[in-house]
1. Could you calculate the contour length gain from VAL72 to THR262, that is, 0.36 nm times the residue separation minus the distance between their Cα atoms, to one decimal place in nm?
2. Highest mean first, how do 277-284, 10-17, 95-102, 266-273 rank when packing is the count of other Cβ atoms within 10 Å averaged over residues?
3. Using a Förster distance of 22 angstrom, determine the FRET efficiency expected from the C-beta separation of ARG230 and ASN284, and round it to 0.05.
4. Grab every C-alpha pair in the stretch 202-257, bin the distances at 5 angstrom width from 0 up to the longest one, and report whole percents.
5. So what are the ³J(HN,Hα) numbers for the stretch 225-242, from phi and the Karplus equation (6.51, -1.76, 1.60; θ = phi - 60°), rounded to whole Hz, Gly and Pro as x?
6. Roughly how many whole Å is it from the C-alpha centroid of the stretch 96-111 to that of the stretch 243-302?
7. Length gain on complete extension for the stretch GLU312 to SER208, per 0.36 nm per residue less the alpha carbon to alpha carbon distance?
8. Sorted by average packing, counted as other Cβ atoms within 10 angstrom per residue and highest first, what order do 287-299, 44-56 take?
Amino acid sequence: MRCTGGRTTMLIVRQFPDADSPVHGPDEAAGARPGSAQETTVICARARYARCPPQKHNLCINAIRGGAIHFVVGNRRISVDDDTYLIFNEGRTFSALLREPHEAEGLIIFYAPGALAEVLSALNVAPERLLDGAEPPPDPWQFTESLRWHDTLVSPLLNAIRANVSAGDSDADPAWLETHCLLLLESAVVAEQQLRGAAVRIASLRSSTRDELYRRVNWAADFIQSNYGRPLSLQEVADAARLSKYHLVRSFRQMHGVTPHTLLLEKRVRVARRLIETTDFDLNEIAERSGFGTRWSMFRQLRRRFGVSGRELRGRDDTTIL
C-alpha cells in the first residue's frame with residue numbers, strides 16, 4: 001500500500017515479497033522491488049518462512065521479533081534476532097532467510113536514495129546556516145554493517161514504527177511515518193558515531209590499522225551472535241575475524257571491554273531467558289537452543305547473571321527447574 005499526503009510518499013508492505021517472483025532488471029519500472037524503490041519502504045510482516053535471493057538493495061534497517069532472520073553478505077552469515085538490529089548500506093548485495101516453527105514479525109525499512117545524505121546534511125550544517133540554503137555536501141559516509149544490541153536510542157523508534165504499521169491501514173499516517181523513519185535514521189547515525197568511538201580504544205599506531213582491526217573485531221562479534229547455539233571454539237571465532245587468537249582477545253577486550261567468551265555467555269543467557277519467559281519449550285530444549293547444552297549449566301549462568309532461578313523466570317510452580 002502506498003500512503004500519499006502532499007509530497008509525502010511511503011510504501012507500506014504487510015507481507016514479505018514473494019521470493020519466487022522474477023527479479024526486476026534495471027530496464028524495468030523503478031520501485032518494482034521494495035529494496036530498490038525510489039521511495040522509503042516499510043515492510044512489517046508476520047511469517048514462518050520467507051526468502052530473499054541475493055539482490056542489491058537500498059540502505060535498510062532490519063529487526064525482528066519472535067525469531068531470527070539469517071543474512072548472507074559476501075562470505076559472512078549474520079543472524080538478527082530479538083536482541084539485535086542490523087543496518088546495510090546503500091548498494092549492498094545480500095540474501096535473507098526466515099524459517100521458524102512459529103510466526104515471527106519482521107520489520108525492514110528501506111530508505112529512498114538520498115535519505116542518508118539529507119540526514120547527514122542536517123546534522124552537519126551549523127544552526128546559523130539552516131535558513132540560508134548553503135548546506136555543505138556531506139562527506140562519503142557509511143554504517144558499520146554489524147549487529148547492534150537493542151538500545152535506548154534506535155530501538156524505541158523501531159518499536160513505534162512497528163506498532164504504527166501493525167495497527168492497520170486506517171491508522172497509517174504517511175506524514176507521521178515519514179517523520180519517524182527520518183528520526184530513526186538520524187538516531188542510527190548518532191548511534192554509529194558512538195559505536196565508532198569504541199575503535200579509538202584499540203591500540204594501534206596507524207588509524208588505517210585501527211580501522212581494519214575494528215572491522216575484524218566486529219566480524220568476530222557477529223560470528224558469536226550468529227552461532228551461539230552450537231559449541232564455539234576461540235579458534236573458530238579468531239578464524240572468522242582473520243586474526244590470531246592472541247590478537248583477537250586483545251583487540252576484542254580493548255573495544256568491547258570483555259573477552260569473546262564473555263560476550264558468548266551474555267548472548268546465551270539473553271536467549272535462554274527470553275525463551276523461558278515467552279515460550280513453552282521444554283527446558284532441556286531451551287538449554288540446547290541457547291547453546292548451553294544442559295539445563296544445569298543454563299540455570300547456573302542465569303542465576304549468576306540475573307540472580308533468579310529458572311522457576312522465577314518462567315513464573316511457573318515447577319520445582320524441578322531449581
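1. Details: separation 190, 0.36 × 190 = 68.40 nm, distance 2.54 nm.
Additional length available on full extension: 65.9 nm.
2. Working: 277-284: 12.2, 10-17: 17.1, 95-102: 15.6, 266-273: 22.0.
Highest-to-lowest ranking by the protection proxy: 266-273, 10-17, 95-102, 277-284.
3. Between ARG230 and ASN284 the formula returns 0.85.
4. Values per bin, smallest distances first: 4, 22, 31, 24, 12, 4, 2, 0.
5. Result, rounded to whole Hz: 6, 9, 9, 4, x, 10, x, 10, 9, 4, 5, 4, 5, 5, 5, 5, 8, 6.
6. The two parts, judged by their Cα centres, are 23 Å apart.
7. 32.6 nm
8. Details: 287-299: 18.7, 44-56: 15.7.
So the peptides 287-299, 44-56, ranked by packing, come out 287-299, 44-56.
Read the figures in this text as sums done on the coordinates, not as results from a lab. Quick caveat, the model's predicted, so the values are computed rather than measured. Cβ sites come from the backbone with ideal geometry, for glycine too, and all protein chains shown count toward neighbours.
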